[in-house]
Amino acid sequence: MYSCLMQERYDAAAVERAAQDYWERHDSFAAREDAGREKYYCLSMFPYPSGRLHMGHVRNYTIGDVVARFMRMQGRNVLQPMGWDAFGLPAENAAIANGVPPAAWTRDNIAYMRRQLRALGFAIDWRREFATCDADYYRWNQWLFLRMRERGIAYKKTGVVNWDPVDRTVLANEQVIDGRGWRTGALIEKREIPMYYLRITAYAEELLAALDELPGWPERVRVMQANWIGRSEGVELSFPYEADTRALLAARAADEQGALKVFTTRADTLFGVTFVAISAEHPLASAAAARDPRLAAFVDACRRGSTMEADVAAAQKHGMATGLHARHPLTGAPIEIWVANYVLMAYGEGAVMGVPAHDERDFEFAQRHGIAIRTVVKSAGGAYERVGDQWQREYAEDGVLVESGEFTGLSSRAAIDAIAAALQRRGLGCKRVQWRLRDWGISRQRYWGCPIPLIHCEQCGEVPVPDDQLPVRLPEDLVPDGSGNPLARSAGFIHCQCPTCGRPARRETDTMDTFVDSSWYFLRFACADQSHSPVDERAHYWLPVDQYIGGIEHAILHLLYSRFWTRAMRDLGLVTLSEPFANLLTQGMVLNHVYYRAPAEGRRQYLNPAEVEPQFDAAGVRVGAVSLIDRQPVEYGGLGTMSKSKNNGVDPQTLVERYGADTARLFMMFAAPPEQSLEWSDEAVQGQHRFLRRLWKAVFDHVAAGPAPPLDVASLSSRERELRRQAHQALAKVTADIARRRTFNTAIAAVMELLNAVGHFQAGVQDGDVNARAVRQEALQIAVLALSPIVPHICHSLWHALGHGGAVIDERWPEPDSAALSQAMVELIVQVNGKLRGRVRLPANATRQQAVDAALAEPAVQRFIAGKQVGKAIHVPDKLVNLVV
RNA sequence: GCGGACGUGGCGAAACCGGUAGACGCAGCAGACUUAAAAUCUGCUUCCUUAAAAGGGAGUGUGGGUUCGAGUCCCGCCGUCCGCACCA
């Protein structure tokens, strides 16, 4: 008998080894295409191989694993793959710090993290594993890029980057700290360089509209994406240049369209324009700066600092007049042109019209610089007559036009149409749709990424690498030192022959944004061994991903790029689907306490929570801590995302070694629902471990007396029927919580309740009570099956211990028995005026009359209705009666 | 600044469709077992009032509103977190 093999003590390490050996021996998680079975593709966002798993990974992959194992027990043909998002900046940083080539560092990390993932017992089909730095994968990035380039989806234009003038290198936003280079401390400049872009804006309309057809996505993510894409309808209009501006541009032989283009959603305020503002990167700004040293200095100052939009938007708004003018498109009045640091070159035309009376930002700008404020819209509700000295929200609202020539008296809405029509007649404007979304710049001046497959030939210009010469392999032995891209100094990489004319030529040294790598890896998992094309028919079987799981921080960029890239591949005839992810779960962050010391000078020093002893005030609130190393006080900085920079990470490895993978998994799933942030707690981890020991002990005690007799439902006592009801109720709850709600924490709580009920039930059972043993066997089986997706190792052992020859992984998920669930009597609560005043027990499905009569007869209730007239009685069947007096 | 979310006991949370606020767990307290400790088991544990119990009252960041009834819906405010295009 299996129970003889069971030892009394729960030994997590031995249990986990046994289960993992079994799965490996039976190749349990190999996914095979089978047209006769309904597939289920469960995917967690692949990790960046940073060195070791962090808690966020454990959480992400446990959620995915629970869903995958649950769906498998539901009978679906499940694919759960894993790979590595292996290109990126940290590998270069490690190279700079340690002199190790990024390739070697990355592959070592992958080897270590793969062992960690295996130790956690995830049901992954490892045969499909790949890393994005494998040439077998990134060759298809290159191939797809070339197809997009042929179709004009990929095109070249200039873009703005952070330039470190000391290291003479382009920096990522992350490498710019307070406007200075992270290594050199030099003030960063914005610099324009040629780059490749992907025309995601051509898909903007479709990407926006299709959000409505993604019911399996969280509302908040769909809203964020819609706002990010940002469709706005408005008017594009031209302010013709005045003579002064024309003369200047002519002298510089500069571009001459003869007019400054702007886009506005508020064309109704056109007569209130008292200035136009252009970005410091606008060509007109450099032209004006060339003849005005003060303006040149201002433009220069605008060029310093970060390119990040958040920084730009939060910065103090500055501006300076150029002395140049444009003409109002309808009145012909001269309008002064200003340079302003809050105007973004990347959005719209890099120029905006300034209407101080009806736009808050323009209002502030005009007040600071003494620019006139012209009221041209009066609120329809009469909230104001004329714009005053203090900004009020009503100023920006729609209304009726005043002092606007022939348009005076029109409503804002009608005025926009009329003014657009008037502009169109003059050839100075038209209605159009503007997107907030910008095309996706994919060129990176970095080594550790996928080479862009282009060759520069003096004779032939820019030539694509022919397909039969792909992949353009990235040399893996270079070590970046922080001063520019080492590819540019690698003779072996750079020198090549022009594919067209055969003359010596130079290879492109820019690599692709790593978001390219992650924009289609989910397709490649379907057919990772395919060497003739990026995808094949197996992708038709597995895609779309049925459940995608990843951090909320990816809610916009990665998910939007993947949606776009999938459509681009569709338009290249490679796949038929448009949306890659049918259902999305965005997990919350993993948080821990932050402790630090703030020296008088220099940066904060963060201490790991494991190195401090927290201190609490009288109310039990955490106020500070003492270092365990030097016994000196430490500041408490609240809760923060686990991160290297705050030194508040907890190593999953230690956790797994001390308590086992099942405890780690259980804690992660129990501490919070998956979409919420999760707080680390050492004590709670111990609590989860305790629960597993209790579960183990309960099964051990049960099986110690030998096999359980068969269940005879007809002969059960009321206590036994009650335990059956609790078991099947728990099963129904777990099923709904995992399948529909994805609230694993409440699913676990339901099984905990069941186990508590088994314990209480046990206390009143006589030895040798056959029915009691049969009912308890059923309850424990339900507990083990229900927990098996979450803590699969211990359940593997317990299932055998309960007398089953097969593996729990191959069991079907049971259906709750509706007969076991039914109850003869139910409790109704009785409220008086909405306040709880009593309870009554009634047969299930009692009528309204029965319920109200019982409520009125209840003594506890009568005290509150005595002497009063019961006016109305609300009855919710089997739930409550509310008496209104 | 813009966009999105969240706010419930000492703590993590639960309350799924507007119907018993605090399930489940952590920490704490008391007891059992033990020479002792650990482990384990049992019980208690939102606050106020009361010696205690019974009973009553208050209570889901905050101020209003809708409703027979609001943690849940609506409006305002305060606070915290995430994203903002070269971190992944």
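Values in this text are rule-based calculations from the coordinates and carry no lab data. Predicted model only: the values in this text are computed from it and were never measured. Glycine gets a Cβ as well: all are built from the backbone with ideal geometry, and neighbour counts include every protein chain shown.
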Legend entry - Integer Hz, Karplus 6.51/-1.76/1.60 couplings in order for the range A:551-563, x for Gly and Pro: x, 5, 5, 9, 4, 9, 4, 4, 5, 6, 4, 5, 5
Legend entry - Highest average packing first - A:511-520, A:587-596, Cβ atoms within 10 Å: A:511-520, A:587-596
Inset, instruction - Treat every Asp and Glu Cβ in the range A:380-442 as -1 and every Lys and Arg Cβ as +1, leave all other atoms uncharged, and give the resulting dipole magnitude about the Cα centre to the nearest 20 debye. - result: 440 debye
Inset, instruction - Using only alpha carbon pairs under 8 Å that are at least six residues apart, calculate the relative contact order of the range A:71-152 and give it in whole percent. - result: 40 percent
Legend entry - 11 Å beta-carbon shell around A:Ser531, net charge (K/R +1, D/E -1): -2
Inset, instruction - Can you tell me the order of A:133-142, A:382-391, A:574-583 when each peptide is scored by its average per-residue count of other Cβ atoms within 10 angstrom, highest first? - result: A:133-142, A:574-583, A:382-391
Inset, instruction - Set the Förster distance to 56 Å, then compute FRET efficiency between A:Val884 and A:Ile494 from the Cβ-Cβ distance, nearest 0.05. - result: 0.05
Inset, instruction - Over the Cα atoms of chain A, compute the convex hull volume and normalise it per residue, giving Å³. - result: 255 Å³
Inset, instruction - At 7 Å along the Cα-to-beta-carbon direction for both A:Ala210 and A:Ile629, put a label point, then send me their distance in nm to one decimal. - result: 5.1 nm
Legend entry - Rounded if a/c under 1.5, otherwise prolate or oblate - the range A:476-626, Cα gyration tensor axes: oblate
Inset, instruction - Give a residue-ordered list of calculated ³J(HN,Hα) values for the range A:318-326 (Karplus: 6.51 cos²θ - 1.76 cosθ + 1.60, θ = phi - 60°; whole Hz; x for Gly, Pro). - result: 10, x, 8, 6, 8, x, 9, 9, 10
Inset, instruction - Beta carbons within 10 angstrom, averaged per residue: use that to sort the peptides A:656-662, A:164-170, highest first. - result: A:656-662, A:164-170
Legend entry - Rounded tilt (10° steps) of A:12-25 against the dominant C-alpha axis of chain A: 70 degrees
Inset, instruction - Note the full-extension length gain between A:Ser715 and A:Ile829 as 0.36 nm times their separation in residues minus their Cα-Cα distance, in nm to one decimal. - result: 37.8 nm
Inset, instruction - Using Cα pairs closer than 8 Å and at least 6 residues apart in sequence, work out the relative contact order for the range A:1-131, in percent. - result: 33 percent
Inset, instruction - Please give the length that would be gained between A:Gln766 and A:Ala226 if that part of the chain were fully extended, namely 0.36 nm times their separation in residues minus their C-alpha to C-alpha distance (nm, one decimal). - result: 188.0 nm
Legend entry - J(HN,Hα) series, the range A:537-547, from Karplus relation 6.51 cos²θ - 1.76 cosθ + 1.60, nearest Hz, glycine and proline x: 5, 5, 5, 5, 6, 7, 7, x, 4, 6, 9
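For A:Gln862, what is the net charge nearby, where nearby means another residue's Cβ is under 11 Å from its Cβ and Lys, Arg count +1, Asp, Glu -1?
On the way: positive: A:Arg837, A:Arg863, A:Lys868; negative: A:Glu858.
So the environment of A:Gln862 carries a net charge of +2.
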Legend entry - Global form of the range A:479-537, assessed from the alpha-carbon gyration tensor, a/c cut-off 1.5: oblate
Legend entry - Centroid-to-centroid separation of the range A:710-724 and the range A:839-870 [C-alpha atoms, Å]: 33 Å
Inset, instruction - Could you tell me how many degrees, from 0 to 90 and to the nearest 10, lie between the Cα long axis of helix A:360-369 and the main elongation axis, the longest principal axis, of the Cα atoms of chain A? - result: 40 degrees
Legend entry - Amide hydrogen neighbours beyond the local backbone of A:Gln831, cut-off 5 Å, H modeled: A:Arg837, A:Val881, A:Asn882, A:Leu883
Inset, instruction - Compute the label zone of A:Gln392 within the range A:346-373: residues whose backbone N is under 18 Å from the point 7 Å along Cα-to-Cβ. - result: A:356-361, A:363-364, A:373
Legend entry - Mean Cα-pair separation over length for chain A, i.e. relative contact order, pairs under 8 Å, 6 or more apart, %: 14 percent
Inset, instruction - Report the extension gain between A:Arg246 and A:Arg658 in nm, rounded to one decimal, defined as 0.36 nm multiplied by the number of residues separating them, less their alpha carbon distance. - result: 140.8 nm
Inset, instruction - May I ask for the angle, rounded to the nearest 10°, between helix A:102-119 and the longest principal axis of chain A, with both axes built from Cα atoms and the value confined to 0 to 90°? - result: 20 degrees
Inset, instruction - Take the alpha-carbon centre of the range A:40-101, take the same for the range A:259-302, and report the distance between them in whole Å. - result: 47 Å
Legend entry - Within-11-Å neighbourhood charge of A:Ala280 [Cβ basis; K, R +1; D, E -1]: +1
Legend entry - Built amide H within the under 5 Å cut-off of A:Gly354, gap 5+: A:Thr274, A:Phe275, A:Val276, A:Ala277
Inset, instruction - Report the FRET efficiency, 1/(1 + (r/R0)^6), for A:Asp853 and A:Glu815, where r is their Cβ-Cβ distance and R0 is 45 Å, rounded to 0.05. - result: 0.75
